[in-house]
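Every number here is computed from the coordinates shown, using simple stated rules; none is lab data. Keep in mind the model is a prediction, meaning the values are calculated, not measured.
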């Protein structure tokens, strides 16, 4: 498996464990619709939370969360709309980012950004 894919899967695993530790129920992992994949779909306090996980080995080109650009937000919104429709969810939704920076010594830092963005109109 390509190194960047391994890093992504490792980051998603850490994010899942972190969120479960906070009482989130993970409904789906790597849920796809069209050209978009939602890394984690979680549920807590009556809300469906769509979580984008960004893992990087350095921040020389920006923080991991900086890579959730407008294009990615639009794709996430389209996929989220379909998920909400399929699940017939009538409650609130939220878009979070979990940003993970891996160091050279196998340690990492994790930042959970709740309500990171409200997707632009599709």
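Oblate is the label for region 1-57, because a/c, from the alpha-carbon gyration tensor with a ≥ b ≥ c as root eigenvalues, is 1.5 or above and a/b does not exceed b/c. Roughly what % of DSSP beta bridges within the chain run antiparallel, to the nearest 5? If I count the DSSP bridges inside the chain, around 65 percent turn out antiparallel. Computed from Cα atoms, the angle from the helix 3-21 axis to the main principal axis of the chain rounds to 60 degrees. Result for the chain in a Gaussian network model with C-alpha springs under 10 Å: among 35, 47, 72, the largest mean-square fluctuation is at 35.
Taking the helices alone, the chain has a mean residue ellipticity at 222 nm of -10500 deg cm²/dmol, built from -39,500 (n - 2.57) per DSSP H run of at least 4 residues and averaged over all its residues.
Relative contact order for region 18-97 using alpha-carbon pairs under 8 Å, separation at least 6, rounded to a whole percent?
Relative contact order of region 18-97: 30 percent.
Fraction of C-alpha pairs exceeding 16 angstrom in the chain: 60 percent, rounded to a whole number. If you line up the long axis of helix 70-87 against the longest principal axis of the chain, both from Cα atoms, how many degrees apart are they, to the nearest 10? Helix 70-87 sits roughly 50 degrees off the main axis of the chain.
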